[in-house]
Amino acid sequence: MGVIFRMAVRNLTQHKSKTIIIGLFIAVGVMIVELGNGFLEATNRGMERDFRAHYTGDLVISAPVPKDAMYMDMFQVESTTMSMDGMRIPAIQDIAAVESVVQDTGNIKAYSKFISTQGIMMENGIAEFEIDDDTNFAALPLFLMFSGEPDRYFDLFPSIQLTAGRTPAAGTNELLIDEELRDNFEEFFRKPLNLGDTVLIAGAATRATLREAVIVGFYRQPDKNSTMSSIVYADPSFARIYAKLTYSAAIESSLPENVDMNLSQASEDDLFGGDDDFFGDDGFFDDFEDGDLLLADTSAGFDDILGDTTLRDKLNETDDGAWQFVVMKLDNATSMGVERTKAQIEKAFADQGIAARVMTWNEAARSFTTTVDGISIIFTALVIILAVVVFFIIMNTMTISVLERTGEIGTMRALGSHKDFIRKLFVTESLTIAVVSATAGTVLALIIMVIVNACDISVSNTVAKLLLGGGSIKLIPTVTSIAQTVLLILAGSLLANLYPVSAALRVTPLKALSKGDE
């Protein structure tokens, strides 16, 4: 084997130009792949660290995904319909049973019930926007409204950085907003927003829901590079209004999917009365006097017409016990610990017939992780295209190189070399180029990663953060990704070497020597 290796190194040295060309293609390809893998790894780690520490915890319990919805996470329901109600996140039906399961499950360090909804902040007393050519719609103060149990939530996520004011008091319409949302409000409405100011909050998941609220605090996100922004913290009683967590919503969600609405057995007279009930001799036309339409009984008020609205008013009240999520942090938060605890809770739900599901952090934050998943898919496609191009370039270059060495192959065959010896020689050459070039590409990628990480590059644009999965540009190498890349290159080099070597070995020694003499 030592003889073959020395001959391979000598042959590569004698054909420097082709060796350099093939080596450069491999090195550049390896560098690009490892830099891309490093970026994706850094983005995934950063998002996981941020969301688990500050927003989703390690596990999240929610109601089942609504019918006809594509998915539901902690922030929205992606519905197949265009209805605004399709955005509403349902409440957990038997929250007491769910909480009992959580309390009986081991490995849970802390938890809090939680509400999430969406809205828009407007000037107090003005329910319409004044739009002109200078209006910056990118600064429209849209927000996510978060609300947890007052005595638990901020203990579960203690990293919030208050810059002014305080957290909302229980049972009030007070708001704690982040500084980015404040800046958006000031830019869009062209007026300052200070502590104690009253604003108008419009709901996104509920039609025509408008309430006044008081700003009592400002804060910054715990991670300045987080994809999360424009978050408002409110008391649960206020958040339930916008999340449509009312008694009517609870009754609606508990109804069976198939309700008999068949009215075919009822006649028109039963439903709408007879023909003479409205247009009869003593009804409609007797109420005209000098062209004016009068009520037959002028003593009847609107309350009498509408009937008793007590039940309707009660159903529209917010359900004080309604919660959409239970957010948990675990003692053992490793992948194995999370999966084991998730399986334990799911089994308890199944045994007790509780309609609820358990999500990991990336499932609970799907609205944000999908952008990174999309980038990963695009990058994978580009890597495949790059690999195919490099493969054919290497194969063509090796084919030319081998065919140019037909005379050399014929001489070795004439001197008694077997086909296996020649095949091993070319395989050794290919592997040598691949190993040296992949090593060079890896070293170059690591150097670039160190430089990029040392520069501490970050972006502040909200859209860029969403697309990149965070505002920090970091590159993290992993042994697994490097090993996979090198193995892929080695396999590709061997495959690219099969055709030219097989073609050369099909040439007889006599024909090879005759070509070598020309």
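Bear in mind that the values in this text are calculations on the coordinates, not laboratory data. Computed from a predicted model, the values in this text were never measured in an experiment. When we count neighbours, we look across all protein chains shown, and the Cβ atoms used for this are built from the backbone with ideal geometry, even at glycine.
Numbers below:
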item: Over 28 Å (Cα to Cα) - which of Lys67/Lys224; Lys16/Lys474; Lys109/Lys224; Lys109/Lys474; Lys347/Lys474 fall in this group; result: Lys67/Lys224; Lys16/Lys474; Lys109/Lys474; Lys347/Lys474
item: At R0 = 56 Å, FRET efficiency that the Cβ-Cβ distance of His418 and Arg45 yields, to 0.05; result: 0.60
item: Cβ-Cβ FRET estimate between Ile120 and Asp94, R0 fixed at 25 Å, reported to 0.05; result: 0.15
item: Simple spin-label estimate for Glu186 and Arg10 in nanometres, 7 Å along Cα-Cβ; result: 7.7
item: Fully extended contour minus Cα-Cα distance, from Val3 to Ser17, at 0.36 nm per residue; result: 2.7 nm
item: Leu210 paired with Asp104, simple spin-label distance in nm, labels 7 Å along Cα-to-beta-carbon; result: 4.9
item: Rounded, prolate or oblate (a/c below 1.5 giving rounded, otherwise prolate when a/b exceeds b/c) for segment 1-48 by Cα gyration tensor; result: oblate
item: Convex hull of Cα atoms in segment 386-490, direction-averaged projection (nm²); result: 9.2
item: Segment 360-405 versus segment 158-179: alpha-carbon centroid distance in Å; result: 46
item: Extension gain, Val450 back to Leu140 (0.36 nm per residue minus Cα-Cα distance, nm); result: 107.8 nm
item: Separation of the Ile384 and Ser159 label points, Cα + 7 Å toward Cβ, nm; result: 3.6
item: Lysines whose Cα lies under 30 Å from that of Lys18, excluding same-chain neighbours fewer than 8 positions away; result: Lys419, Lys424, Lys511, Lys515
